[in-house]
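Reading through the structure tokens given below for one structure.
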Amino acid sequence: MNDKLFVFDLDNTLVKTNCANNESYRDAILTIIGKRVEISKKRFTRNDLVKLLRDLTTRQIAEIVREKENCYNKHLSKNTLNIPLYQILMLLREERCETILLTESHKTRALSVCEYFSLTQYFSKQFFKNDYPNGDKY
């Protein structure tokens, strides 16, 4: 290995994930409360969910978030690979530099995205949201 280390983020850096994320939320909301909602192109989050549907209970919010994760894989094709950054990642591998994935994503979802785009092989180490429970990936 080379003595150089490079760290890559996943969501909306190496892979543009807003569309799959938002579609997953849209499906989950429909499944859990039976309501169709419009979601903008910016990344939809749990906070946006609470603002959009103010009458949700804590339980419904948790159910929607869980369902969103469950249906995410059916929307993987809506993600897009950041080609220039991917090319850098491939070049770094050829140069035998160490590359690490450091992401705010939960492990299951991040691995699904990485496997879909065949990215796993490029990282010597991977760190997911589950690996730093205090919330700070750095």
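Computed from the coordinates by the stated procedures, all read-outs in this text should not be read as laboratory data. All values derive from a computational prediction rather than experimental measurement. Cβ: placed from backbone, ideal geometry, glycine included. Neighbour counts: every protein chain shown.
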Among S112, I83, Y132, whose Cα lies farthest out toward the positive end of the dipole of segment 74-138, if unit charges sit on the beta carbon of Lys, Arg (+1) and Asp, Glu (-1)? S112
Calculated FRET efficiency for the pair T120/A62, C-beta based, R₀ 25 Å, to 0.05: 0.25
Out of all DSSP beta bridges in the chain, what portion is antiparallel? Express it as a percent rounded to 5. 20 percent
Dipole magnitude of the chain about its Cα centre (Cβ charges: Lys, Arg +1; Asp, Glu -1), debye to nearest 20: 480 debye
One finds the C-alpha centres of segment 95-138 and segment 7-42 to be spaced, in Å, by 19 Å
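Charges only on Cβ, +1 for Lys and Arg, -1 for Asp and Glu: so what's the dipole of segment 1-40 about the Cα centre, in debye to the nearest 20?
Details: 5 positive and 6 negative charges, 35 e Å.
Using only the charged Cβ atoms, the result is roughly 160 debye.
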Paramagnetic label zone (point 7 Å from Cα along Cα-to-C-beta, D3; backbone N under 15 Å) in segment 84-118: 97-98
Given points 7 Å out from each Cα along the Cα-Cβ axis, report the N12 to V50 separation in nanometres with one decimal. 1.8 nm
Label-reachable residues, segment 1-20, where backbone N falls under 13 Å from a point 7 Å from R96's Cα toward its Cβ: 1-4
Dipole axis of segment 1-64 (+1 Lys, Arg; -1 Asp, Glu on Cβ), positive-most option in S24, F8, L49: L49
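Is there a quick way to get the dipole size of segment 74-122? I mean about its Cα centre, with the Cβ of Lys and Arg at +1 and of Asp and Glu at -1; what is the value in debye to the nearest 20?
280 debye
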For the chain, what's the relative contact order in percent, using C-alpha pairs closer than 8 Å and at least 6 residues apart? 33 percent
